[in-house]
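What follows is a short report on a single structure.
The values are calculated or read from the model by the stated rules, or taken from the named source; none is laboratory data. Everything quoted here is computed from the prediction, not taken from an experiment. Here Cβ is always computed from backbone atoms with ideal geometry, including for glycine, and neighbour counts include all displayed protein chains.
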Amino acid sequence: MSYISHDNAYIAGFMDGEGSIQIRKQKDKNKSFETIYPQIQIGNTNKPIMQHIQNRYGGKIQIHRKGLRTKEFYHMRFKSQKAIKILKDIIPYLKIKKQQAKICLKIFKTYNKNRKRRKDGTFRKLDKRTYLKRLQMFNLLKQLNKKGTKKIKDYEPKERNLKCI
């Protein structure tokens, strides 16, 4: 196995454990239409790992800190073409999020490379057929990413030790 294969496998494991694969809906600047695109996010408290991913794929590392006693949390977000590039590299090695990655790669197949941009750099509205295909994949991925919820009848609040003063 080559270094690149090992690296892709490592990043895939990292994505399975610490990342998220999403399809996002966003209105354009004029709010005249929605666009749907793939997005992945990776975050960790280990800065060298995040810098390694940045060196490999570019992007910016955002730093978050909740309080003085917490570690800094490093976060990266990749959209559209960059997300697809990463997913193509790591999909053979994904275990948990392989199905989500496949759905995002299907969205990539709906990309029209000849689609014209406006003068301000934003894309023009998607045709209805492409939009509906992406919307279907958006809803499918949303179901896959849905977290389990407790049923109301299973929920029993725990008693707390309350001290009266």
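What the table below lists for this structure:
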quantity: Checking residue 7 against (1) surrounded by 13 or more Cβ atoms within 10 Å (Cβ to Cβ); (2) in a strand (DSSP E or B), the condition it does not meet; calculated: (2)
quantity: Candidate set: the range 15-49, residues that are hydrophobic (A, V, I, L, M, F, W, C) and modelled with pLDDT under 90; chosen: the one farthest from residue 109 (Cα to Cα); calculated: 33
quantity: In the range 71-98, the residues that are more than 21 Å from residue 145 (Cβ to Cβ) and touching a His at 6+ places or on another chain (Cβ under 9 Å); calculated: 72, 74
quantity: Test: residue in the range 27-42 that is over 15 Å from residue 76 (Cα atoms), without any contact (Cβ under 8 Å) to a residue 40 or more places away in the chain and surrounded by 15 or more Cβ atoms within 10 Å (Cβ to Cβ); calculated: no
quantity: Residues that are closer than 19 Å to residue 93 by Cα and in contact with a Phe, Trp or Tyr (Cβ under 6 Å, 6 or more places away or on another chain), drawn from the range 9-42; calculated: 9, 12, 40
quantity: Residue among 60, 82 that is in contact with a helix residue (DSSP H, G or I) (Cβ under 9 Å, 6 or more places away or on another chain), closer than 23 Å to residue 18 by Cα, at pLDDT 65 or above and loosely packed, with under 10 Cβ neighbours inside 10 Å; calculated: 60
